[in-house]
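Structure first, commentary second.
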Amino acid sequence: MTMREYLRKGLAGLYDEREASNIVAMLFETIKGWSRSDQILHQHEHISESEMLRFHFALKELKKGRPLQYLLGKAWFRGKEYLVNPEVLIPRPETEELVGLIIEEFDYQSFSILDIGTGSGCIAISLALELPNADVSALDVSPEALEIAMANASIHEVNIDFALCDILHELPQRKYHVVVSNPPYIPLSEFNKIPENVTANEPHIALFAPDADPLIFYRRITEHHKQLLLPDGKLFFEIHEDYKAELEKMLATFDDIQYTFHQDMQGKWRMLSITFL
């Protein structure tokens, strides 16, 4: 049995065949340094004892529920590779769509962006890469997350102004054309509904909001839009699909607001954009 066959057999039941094959390919890319095409050319090449131990360890960790991205120390977002560890969320496809929404509206314009709760920095860095005229800043409450974000910005050679900030208790000293945030939005009461591999590995501070006010981050940012946004500025949020109605109630308390909910590629309400009159 080849190592590739051994890994696929070990992953059977945990992942479907396509995802298992993709995981095996990424393990070979990381451990052997082989691209997908290299893997075809060298499929019968010898695997050293040290490499074999790394493959065995990877399979053991995956069976325990450890996310592949944390195991490899990297994740992919809009076609780019990012460093990740358990101090930051693993980037999600719906967040890629949030970035795309901003780019569609502001492409080629010179403007400023603030990313609140930057985590790995994938939103801020993607916007800096794809909107080279943008002046991008990013905040996070976690010093460890900011270290990862700054490392990723250095890898991708973009200039971003990073700052440690708890947005619930302080505000930045300048205003922006765009404020974007993918804040914690899962009520703590839903902890047991979240897959164990997520709750056991990803940072709770970036996942969960208090039951008493799951919308606390949306409320705080929206209430302080005059301190955050320049005239004609706009807010962009990633949202919990089940909280659209609650967000509409919150937004109805503002009399100077226009907003649009946006569906992701799965038809779920996962994004919100807001302008102010």
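The values are calculated or read from the model by the stated rules, or taken from the named source; none is laboratory data. What you are looking at is a predicted structure, and each value in this text was computed from that prediction instead of being measured. Cβ: placed from backbone, ideal geometry, glycine included. Neighbour counts: every protein chain shown. Surface areas here come from the heavy atoms of the whole protein model, side chains and all, with no ligands, DNA or RNA. Shrake-Rupley method; radii C 1.70, N 1.55, O 1.52, S 1.80 Å.
Only strands (runs of 3 or more DSSP E) wholly contained in region 161-277 count here; list those with 3 or more residues that are over 27 Å from Glu87 (Cβ atoms).
On the way: elements: 176-181, 229-238, 257-263, 269-276.
Strands (runs of 3 or more DSSP E) meeting the threshold: 229-238, 257-263, 269-276.
Which of the residues spanning region 93-138 are modelled with pLDDT of 95 or more, part of a loop (DSSP other than H, G, I, E, B) and of a type in the set (S, T, N, Q)?
Within region 93-138, Thr118, Ser120 qualify.
Could you list, in sequence order, all residues of region 5-24 that are of a type in the set (Phe, Trp, Tyr) and in a helix (DSSP H, G or I)?
In the first step, residues of region 5-24 are kept if they are of a type in the set (Phe, Trp, Tyr); the result is 6, 15.
Correct list: Tyr6 only.
Please identify the pairs in which a residue from region 50-72 that is in contact (Cβ under 8 Å) with a residue 24 or more places away in the chain and farther than 15 Å from Tyr6 by Cβ has its Cβ atom under 7 Å from the Cβ atom of a residue that is part of a helix (DSSP H, G or I) and open to solvent by less than 20 Å² (accessible area, probe 1.4 Å), counting only partners at least 6 apart or on another chain.
Note: pairs meeting the criteria are Leu68/Ile23; Leu68/Leu62.
Could we say that Lys74 is basic (Lys, Arg) and open to solvent by 70 Å² or more (accessible area, probe 1.4 Å) here?
On the way: basic (Lys, Arg): yes; open to solvent by 70 Å² or more (accessible area, probe 1.4 Å): no.
The answer is no for Lys74.
Which numbered condition trips up Ala145, out of (1) crowded, with 22+ Cβ neighbours inside 10 Å; (2) in contact with a strand residue (DSSP E or B) (Cβ under 9 Å, 6 or more places away or on another chain)?
(2)
Out of curiosity, is Thr118 among the polar types (S, T, N, Q), surrounded by fewer than 23 Cβ atoms within 10 Å (Cβ to Cβ), touching a helix residue (DSSP H, G or I) at 6+ places or on another chain (Cβ under 7 Å) and closer than 25 Å to Asp264 by Cβ?
Values: among the polar types (S, T, N, Q): yes; surrounded by fewer than 23 Cβ atoms within 10 Å (Cβ to Cβ): no; touching a helix residue (DSSP H, G or I) at 6+ places or on another chain (Cβ under 7 Å): yes; closer than 25 Å to Asp264 by Cβ: yes.
No, not satisfied.
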